[in-house]
Amino acid sequence: VTLTALPEGHVVLLLTRVGAPAPDLVGLRPVGPGQWFLVGDSALTAEELAALVARLPEVAVSDQSHGRVRIAVAGDRAAAMLAKGTAVDLDALPVGASTATLVGPLGVHLTKTAETAYELMVLRSFAAALWHDLEAMAAEY
C-alpha cells in the first residue's frame, strides 16, 4: 500500500437545487443532493474560476482548494487497509464513485479512482491526523 500527498490543484464546491442535473464537467464528484466537488490536479486561475461561474449561472460556486487536502491510497491491499477505518464496502464501490464517510473519527470524501486506488479528501486542519491514521492502518502492508 502506498500513500501519496496529491498536488493542491483545485477543489471547487458546486451547489444547486436538489434534483438539478449534475453540471457537465470533467472531474465532478457527488457530495450530496445538489452538491458536487470539481476536483483536479492543477490550480485554477482567477480567470478560469470566473469562467466557471459564468458557465454555471444557476450554481453557487465556492473555491475550497486551499481548505482541502487530497491523499491517494493505492495497492492490492488498499481496500483491506482502508476497511480498518471505514465502514464503506470498498469492493462494491464502482471505479469513479465517491462517498462521504468517516476514516476513524475524521470526515473524508472518498473516491475510488481505479480498481485498487482511492483518493481521500479531508479538511486541511485534519490532514496530518488522517495521514498518521493511514500510516498506522497501512503498517502491516
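Brief remarks on what is shown
- Carbon + sulfur, % of accessible area of the stretch 1-75 - ligands and nucleic acids excluded, 1.4 Å: 58 percent
- Computed from Cα atoms, the angle from the helix 46-55 axis to the main principal axis of the chain rounds to 70 degrees.
- Using R0 = 35 Å, the C-beta based FRET efficiency linking Glu47 and His132 works out to 0.40.
- With all protein chains kept in place, the per residue accessible area of the stretch 66-140 amounts to 47 square angstrom at a probe of 1.4 angstrom.
- 5 Å-binned pair-distance histogram of the chain (Cα, whole percent): 2, 10, 20, 22, 19, 14, 8, 5, 1, 0
- Per-residue ellipticity at 222 nm computed for the chain from its helices equals -5500 deg cm²/dmol, with DSSP H segments shorter than 4 residues left out and the rest contributing -39,500 (n - 2.57).
- Rg over Rh for the stretch 1-54 works out to 1.04, using Cα positions for both radii and the Kirkwood form for Rh.
- Spin-label model, Gln35/Ala5: points 7 Å from Cα along the beta carbon direction are separated by 2.7 nm.
- Compared with the alpha-carbon gap, the fully stretched path from Arg77 to Ser125 is longer by 14.5 nm at 0.36 nm per residue.
- Net lengthening on full extension, Thr113/Val18 (0.36 nm per residue, minus Cα-Cα): 31.6 nm
- Inter-site label distance for Glu140 and Asp91 at 7 Å from Cα along Cβ, in nm: 1.6 nm
The values are calculated or read from the model by the stated rules, or taken from the named source; none is laboratory data. Here the structure is a predicted model, which is why all the values come from computation and not from measurement. Methodologically, a virtual Cβ is constructed for each residue, glycine included, from the backbone with ideal geometry; neighbour enumeration extends over all protein chains shown. Keep in mind that these areas ignore ligands, DNA and RNA; they rest on the heavy atoms of the full protein, side chains included. Shrake-Rupley method; radii C 1.70, N 1.55, O 1.52, S 1.80 Å.
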